[in-house]
Structures are given as structure tokens and as C-alpha cells.
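The values are calculated or read from the model by the stated rules, or taken from the named source; none is laboratory data. All values reported here derive from a predicted model rather than from experimental measurement. Here the Cβ positions follow ideal geometry from the backbone for every residue, glycine too, while neighbour counts run over all protein chains shown. These area figures cover heavy atoms from the full protein model, side chains too; ligands, DNA and RNA do not enter into them. Shrake-Rupley method; radii C 1.70, N 1.55, O 1.52, S 1.80 Å.
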Amino acid sequence: MNPANPRHPRILTVANQKGGVGKTTTAINLGTALAAIGEEVLLVDLDPQGNASTGLGIDHKDRGISTADVLTGRATLREAIVDTSVPRLAIAPSTLDLLGVELEISRDSERAIRLKKALQALGDGGPERQLSYVLIDCPPSLNLLTINALTAADAVVVPLQCEFFALEGLSQLLRTVEQVRSSLNPNLVIQGIMLTMFDPRNKLSGQVVADVREFMGKKVYETIIPRNVRLSEAPSYGKPALLYDLKCSGSQAYLKLASELIQRERADHARDFALLS
Ligand code: ATP
Ligand code: MG
């Protein structure tokens, strides 16, 4: 449940302009973990690669209406949503059509708020399902798609790979978040920085964890996602790792992350409430 407003979903954007850092793996498995603990979740696939859609087993023939249609105004978000094999987890899938969207909407004065508007309209016509979380999977770029995702969001989840260049590009991402906050979305916060692909046998992994914690402090989640081959195998079966192998270390870590994230949401809300009262 969104503690700040139980009638509206909490919107979290998974973003990092670096490629292959675990954004989609996080969107899929965090979404599944949240659904597993009772949340009603929508995943919005905003990457033309469509990896989140494929990883959740959405066939191309079932992507008749995609997020590209939503952003260009040809369809509503509600029309794009399809169920997944995970109870309480639905997805608005993407197709390669998203590649052309940026150009198509680039002259529109509302080009950066199209996803936000689509999400706001989701409740129109009565609640089909009362969503509690929306997760947005971004492409590896700070393009207009990512800007739409940041503008629509309440908070950002940033996955960082436990490798030498982990922090490279983070300041650019944080600057972009700051720009969006100062212009389009004053309420945007960083929900947390998530360390992933941790390999305990690799000395460097431990050093990266220490550096990132030193640099980003409490923003870094306690939960660290290990490097786990089951997480990378699952998408080829069109399943989240939590359905493919619930007991594997990767699935267990994403379950832990989901409860840490929910606790953080509640703590932030309690703090805001205390400041107001
Ligand atoms: P892109 O920027 O291309 O969208 P991404 O940031 O979404 O990439 P993923 O697709 O989630 O990254 O992950 C990149 C690759 O690493 C994939 O093959 C994925 O299966 C694998 N992977 C992700 N997380 C882990 C992990 N914790 N352990 C092992 N493999 C992982
Ligand atoms: Mg991805």
C-alpha cells in the first residue's frame, strides 16, 4: 500500500543510464516480490528492447497495444495492460515502436509529462484494480523516455553493479534527477541505491560496496543482490526468478529488498507526517 496515499499507487522508476546493470532484472523480480507479499503491482516497460515484457513471458502477439501507443496518445494505459503469470503483477509491455516515439512527440510541449498523464488517467472510469505499486523499467539512456519515467515517479531506485566503474555515471544520473525535481517533478526522491551482482569471491566487489556506502550513505539499501546464475537463466523461460527458483540466493535477496523498500516507504511517510504535525 502507498502509505502517503492509500488510494494512489506509489510510482517507482528503476533507472541508470548505464547498460546491463540489472534494471530489468530488478523491475521484474522486485515487482514479483512485492506482488508475492500482497501488493498489487503494475510494471511499465519503457525500454524499446522490451526485456521486461519478454522476461515476464509476454508474447509479441500479446503486445498489440504497447507503451509506445500510450505515450503517443493512440491508446490509454489501461488498454495496454496485460496480466502476467504472476498473480497481482500486470505489465504494460513495450515493442520496438518505442524507438520512434521520441521523435514523434519531440515537438509536443507536454512531451515529458505524457507518462505521468497516462498514469493519472488510469483511475478514470472506476478502479478496475486498485494498484499499490507501479514500477517503471527504463532504457539505458537519459533520453525522453527516462525523463517521462522520472517525471511520472514518486521515487527512483538506482541499481549499481558491484564492479570497478559502478560509480561512474552516477553523478550524471543524480544531476538529471535534480533537474527533473527542480522543473517537472518537485516531489521526486531517490528511494534507494541498490547494489547488485555482488560476488563475494571477488575482492573488488567488497571494495565497491564500501565505496558506494561511503559516497551515498544511508541511501544505499542494506540488502545486496548477489551475482546468481538463476537470475540470468529465468528470463529465457519467460519467468521471474522467484517463480523459476524461489529458493535461489537471487530470489531470496529480491524478497528481502521488497520488504526493505516497503519499510523505507513507511519510515519516510512517518517522518513527513511528523514534520507536518
Ligand atoms: P539494459 O541497460 O540493457 O536495459 P539492464 O540494466 O536492464 O540492461 P539486466 O538486463 O537486468 O540489466 O541485466 C543484464 C544482464 O545481467 C542480464 O543478462 C541479466 O540476466 C544479468 N543479471 C542481472 N542481474 C544479475 C545477477 N544479480 N546475477 C547474475 N546475472 C544477473
Ligand atoms: Mg533493461
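A few remarks follow.
- Listed by position, the helices (runs of 4 or more DSSP H) enclosed by region 58-163 that each have at least 1 residues that are closer than 24 Å to residue 261 by Cα are 114-120, 144-152.
- Flag: residue 130 does not match the condition of being of a type in the set (S, T, N, Q), surrounded by fewer than 22 Cβ atoms within 10 Å (Cβ to Cβ) and within 17 Å of the chain's Cα centre (by Cα).
- Selection within region 233-265 - in contact (Cβ under 8 Å) with a residue 40 or more places away in the chain, open to solvent by 40 Å² or more (accessible area, probe 1.4 Å) and within 11 Å of ligand 1 (Cβ to nearest atom): 235
- Set 81, 91: member being under 24 Å from residue 243 (Cβ atoms), at pLDDT 95 or above, within 16 Å of ligand 2 (Cβ to nearest atom) and of a type in the set (A, V, I, L, M): 91
- Scan of region 216-225 for residues that are within 10 Å of ligand 1 (Cβ to nearest atom) and open to solvent by 30 Å² or more (accessible area, probe 1.4 Å), ordered by number: 224
- Each residue in region 233-277 was checked for being at pLDDT 95 or above and among the charged types (D, E, K, R), and 6 pass.
- Residue ID - farthest from ligand 1 (Cβ to nearest atom), chosen from residues in region 48-57 that are assigned to a loop (DSSP other than H, G, I, E, B) and surrounded by fewer than 24 Cβ atoms within 10 Å (Cβ to Cβ): 57
- For residue 205, the test of being hydroxyl-bearing (Ser, Thr, Tyr) and surrounded by fewer than 18 Cβ atoms within 10 Å (Cβ to Cβ) is failed.
- Residue count for region 172-211, restricted to those that are closer than 19 Å to residue 264 by Cα and not in a strand (DSSP E or B): 2
- Test: residue in region 116-127 that is at pLDDT 95 or above, in contact with a helix residue (DSSP H, G or I) (Cβ under 6 Å, 6 or more places away or on another chain), open to solvent by 30 Å² or more (accessible area, probe 1.4 Å) and under 25 Å from residue 56 (Cβ atoms): yes
- Number of the exception - residue 66 against (1) open to solvent by 10 Å² or more (accessible area, probe 1.4 Å); (2) touching a helix residue (DSSP H, G or I) at 6+ places or on another chain (Cβ under 8 Å); (3) under 22 Å from residue 140 (Cα atoms): (1)
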